[in-house]
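Coordinate-derived values only; no laboratory data. Worth saying up front: this structure is predicted, and the values here are computed from it rather than measured. Backbone-built Cβ (ideal geometry, glycine too); neighbour counts: all protein chains shown.
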Amino acid sequence: MKYLLTIVIATLAIPTTLQAKDFHVYYLGGQSNMDGYGKVSELPDDLKGGIPGVWIFHGNMGIDGKAADGRGLWSPLKAGHGRAFGSDGKKNKYSDRFGAELTFARRLKEIYPDRNIALIKYSRGGTSIAAEAPAATRFGCWAPDWMGGAGKGKGINQYDHFLATLEHARADKDIDNDGEADRLIPSGLVWMQGESDAIRAEDAKKYEANLAELMGLLAEALGDKKQRVVIGRITNWKVWTHGETVRNAQAAFVKKHKNAALVTSTDNYKNSDPWHYDTAGYIDLGKQFADAMAGK
């Protein structure tokens, strides 16, 4: 009896080993309609509390011509990852706005209930992918060959800030803080951008080639050249003089890509100002992104 009791006590004394997790990681990038202008105050109650079990690393916005930033920290996904979100790498500053990330994550959890979901987000409003676009100088540019800036910041642009975001995100080996290292599996990227390339005809005409180059670079940096790519079609509002050219370029890219999808529901959304969708639009956009990612 005494011997059996000793075995029981010894067994109970053995520490429980926590299981490392595989997280399927999705990247969200682009310009302001990826930033998100939906109002947190207008969210339905079932979204205001965030999405349980989903983690997000939201890189701090960087300015072209300045040292690469991308600071952030892995945190449970909640409302406030929209316009004016910021992070110093130790604490997040949540905003009163949100983007597509909430319903994107919720829908993915519905589609893949047994999958651990994680998001990496880095976007910046107004940015172009054409190095020559007027927006490149004013807001920023994703073109790898953009050579603006001076001194130590020369040539550093949005693509570099994206790479810095990835570096910071990958530096944390235990994203859910359970004491065990996690594995991040690249599972897809979502791109919502193109409005700033629809202002001048010359930039719009180059959009398909520029998009193909950038999506290839993003996919490779994220760790899987063949991962799913989902493109959000820009809305052909009158503020984009050459919007139809960019929309056609987005469709052409998706048609030629072996693993891509185009989300066109943006044409149905109302706007909160001349450039951005309203709250209901962002709520639907996230769901549409997830369905397209899953091939629904």
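A few points about this structure:
- Footprinting exposure proxy ranking of 185, 234, fewest other C-beta atoms within 10 angstrom first, gives 185, 234.
- Structural size metrics of segment 175-292, computed from C-alpha coordinates, are Rg and Dmax of 16.0, 53 Å.
- Close amide H partners of residue 119, meaning residues 5 or more places away or on another chain with modelled amide H under 5 Å apart, are 26, 55, 56, 57.
- A viscosity of 1.002 mPa s and a temperature of 20 °C, combined with the Kirkwood radius over Cα pairs in Stokes-Einstein, give a translational diffusion coefficient for segment 106-164 of 161 µm²/s.
- Distances between placed amide hydrogens fall under 5 Å for residue 36 paired with 83, all partners being 5 or more residues away or on another chain.
- Working note: Karplus 6.51/-1.76/1.60 with θ = phi - 60° gives segment 164-175 the couplings 5, 4, 4, 4, 5, 5, 6, 5, 8, 7, 10, 5 Hz, where Gly and Pro are set to x.
- The structure-derived value of semi-axes √(5λ) of the Cα gyration tensor in Å appears in the list (1) 28, 22, 18; (2) 42, 25, 15; (3) 37, 21, 18 under the label (3).
- Rounded to the nearest Hz, the phi-derived 3J(HN,Hα) couplings of segment 277-286 under the Karplus curve 6.51 cos²θ - 1.76 cosθ + 1.60 (θ = phi - 60°) are 6, 8, 4, 4, x, 5, 4, 6, 4, x, where x marks glycine and proline.
- In this structure, residue 63 and residue 110 have a Cβ-Cβ separation that, at R0 = 22 Å, corresponds to a calculated FRET efficiency of about 0.05.
- Antiparallel DSSP beta bridges within the chain, as percent of all bridges there, nearest 5: 20 percent
- Straight-distance candidates among the aspartates and glutamates for linking to residue 206, with alpha-carbon spacing under 18 Å and chain neighbours fewer than 8 residues away dropped: 132, 145, 195, 197, 244.
- If you plug the beta carbon distance of residue 170 and residue 237 into 1/(1 + (r/R0)^6) with R0 = 30 Å, you get a FRET efficiency near 0.20.
- Under 17 Å from the Cα of residue 173 - aspartates and glutamates, other chains or at least 8 residues apart: 22, 182
- Distance between segment 154-202 and segment 72-142 - C-alpha centres, whole angstrom: 9 Å
- Within the straight-line cut-off of under 13 Å between alpha carbons, the aspartates and glutamates reachable from residue 90 are 172, sequence neighbours fewer than 8 places apart in one chain being disregarded.
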